[in-house]
Amino acid sequence: MTKTTKSEQQYTELYEQQHALICQHAPAVMNAQRDEAYRRFKSKGFPTTKAERYKYTDMGRLFAPDYGLNLQRLPIAVDPYRAFSCDVPNLSTALFFLVNDAFYDAAPAASHLPEGVIVGSLAQHADLVARYYNQLASKDEAAVSDLNTMLAQDGLLVYVPKGVVVDKAVQVVNILKSPAAGVPLMVNRRVLIVLEEGAEAKLLFCDHAADDAPFLTTQVIEAFVGENAKLDLYCLEETHNKNVRVSNVYIDQQANSRVRHNVLTLHNGTTRNKLDLTLSGEGAECACYGAVIADKHQHADNNTLITHRAPHCTSNELYKYVLDEQATGAFAGRVLVEHGAQKTASQMTNQNLCTTRAARMFTQPMLEIYADDVKCAHGSTVGQLNDQALFYMRQRGISEREARTLLMQAFIGEVIDLIELEPLRNRLHYLVEKRFRGEFNKCKGCKLCK
């Protein structure tokens with residue numbers, strides 16, 4: 001048992017004192033998992049920076065401040081359908097909202113999704129949720145996942161039945177809204193994604209802050225991708241420098257399934273993204289891409305674990321960072337090839353630009369291989385903008401500032417170009433340009449619909 005610190009104590013005491021209230025406003029399927037998560041959290045507490053997967057982000061420090069929680073499930077005064085007409089131009093998404101950690105069910109007309117497809121509250125689909133909820137997160141025994149399981153009271157279910165193809169992209173806008181101006185708020189968001197055999201779906205999650213209050217968001221996403229199923233999962237963060245986001249994503253893939261996971265951090269305060277992806281069935285493929293643009297004192301940490309459990313599986317990773325001013329970034333990627341996972345093919349690449357001497361980047365790519373017939377590679381670079389390219393562009397009349405902007409755009413553009421949704425890809429190129437030109441903060445509301 002680890003020594004209990006103030007960071008853990010405030011949450012264990014909250015759970016003990018408010019257990020009845022938490023359960024009162026949550027479905028039985030979520031309540032059934034709470035006590036065990038509480039025992040694990042109380043026993044282990046937050047990991048220190050001495051732990052291998054947490055060496056670049058002090059979790060205890062992030063959770064030390066006292067944030068308020070909406071345990072009474074009081075309604076938040078916001079109508080997202082009026083305040084955020086959020087839709088990527090020409091993408092024609094099926095649009096849904098989470099306000100803090102609650103599914104916004106005051107929806108307009110049906111979104112014309114195929115029959116049997118569910119996008120809705122966890123609380124309203126208890127029988128289905130019970131078969132999958134916390135099955136992946138509980139195996140990890142991560143402190144943040146346990147804390148989320150302790151405190152989460154609702155969440156989002158995305159379910160696609162066997163053989164159903166969802167042609168229209170499903171867009172979920174996560175809106176952070178404080179109940180009163182400037183009041184710090186903790187949000188515990190839960191997402192469950194289930195694609196049965198042969199199902200296909202494209203999901204776009206967008207994180208936005210509706211006001212400038214300090215927010216602490218824990219997010220746990222569990223995704224079950226059945227045999228021959230295809231899932232494209234795009235996660236875009238655009239919040240503000242008072243926001244702390246800690247996200248744990250768990251994905252399990254069956255035979256011949258395909259997953260594309262893209263995570264993009266355009267504006268944030270402190271972000272810690274963890275991805276655990278398991279290739280459980282033969283012939284499964286995954287592509288994991290990430291991009292970070294950070295400046296001022298922003299911090300972005302991406303930690304990935306891809307486990308090859310079956311033979312003939314393929315994984316590909318590409319993460320790129322551009323860090324300006326005093327920003328810090330971290331990437332730790334590990335590919336684990338288990339015994340029997342022969343004919344594995346894996347490539348991991350992390351490339352980073354530090355545009356000032358004060359910016360800091362920490363990178364740690366790792367391979368752990370227990371099979372002898374594999375093709376695996378990894379690489380990492382940290383550097384500055386190419387002086388020769390800058391000189392070449394300035395010789396042709398391009399100002400130094402413009403030349404630097406164009407080079408940074410081209411650097412991050414490699415990740416953006418891997419997005420298969422063309423309208424989203426084009427829009428992100430535009431947003432990245434605005435970000436580098438310092439215009440991003442001038443927009444208000446949802447940056448995807450301006």
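The values are calculated or read from the model by the stated rules, or taken from the named source; none is laboratory data. Computed from a prediction, not measured in an experiment: that's the story for all the values here. For neighbour counting, all protein chains shown are included, and Cβ atoms are generated from backbone atoms with ideal geometry for every residue, glycine included. Please note that ligands, DNA and RNA were not included when accessible areas were found on the heavy atoms of the full protein model with its side chains. Shrake-Rupley method; radii C 1.70, N 1.55, O 1.52, S 1.80 Å.
Assorted remarks:
- Remark: pairs (first residue in region 385-405, touching a residue at least 24 places away in the same chain (Cβ under 8 Å); second residue assigned to a loop (DSSP other than H, G, I, E, B) and not aliphatic (A, V, I, L, M); Cβ separation under 8 Å; 6+ apart in sequence or on different chains) = Leu385/Thr355; Arg404/Thr355; Thr405/Arg437.
- Any hit, region 168-185, residues being modelled with pLDDT of 95 or more and either among the hydroxyl-bearing types (Ser, Thr, Tyr) or farther than 28 Å from Lys44 by Cβ (or both): no
- Put simply, of Asp276, Asp324 the only residue that is charged (D, E, K, R) and at pLDDT below 95 is Asp324.
- Candidate set from region 360-407 (those that are of a type in the set (S, T, N, Q) and within 24 Å of Ala327 (Cα to Cα)); member that is least open to solvent (accessible area, probe 1.4 Å): Thr405
- Hits in region 125-164 - residues which are polar (S, T, N, Q) and either surrounded by 23 or more Cβ atoms within 10 Å (Cβ to Cβ) or free of Cβ contacts under 8 Å to residues at least 40 places away in the same chain (or both): Asn134, Ser145, Asn148, Thr149, Gln153
- Any hit, region 219-235, residues being within 21 Å of Arg272 (Cα to Cα), part of a loop (DSSP other than H, G, I, E, B) and not hydroxyl-bearing (Ser, Thr, Tyr): no
- The single residue among Leu336, Leu277 that is surrounded by fewer than 21 Cβ atoms within 10 Å (Cβ to Cβ) and either within 22 Å of the chain's Cα centre (by Cα) or β-branched (Val, Ile, Thr) (or both) turns out to be Leu336.
- Count of region 351-384 residues which are within 21 Å of Thr328 (Cα to Cα), part of a strand (DSSP E or B) and out of contact with any His (no Cβ under 8 Å at 6 or more places or on another chain): 14
- Every residue from region 177-194 that is closer than 26 Å to Ser138 by Cα and in contact (Cβ under 8 Å) with a residue 60 or more places away in the chain: Leu185, Met186, Val187, Asn188, Arg189, Arg190, Leu192, Val194
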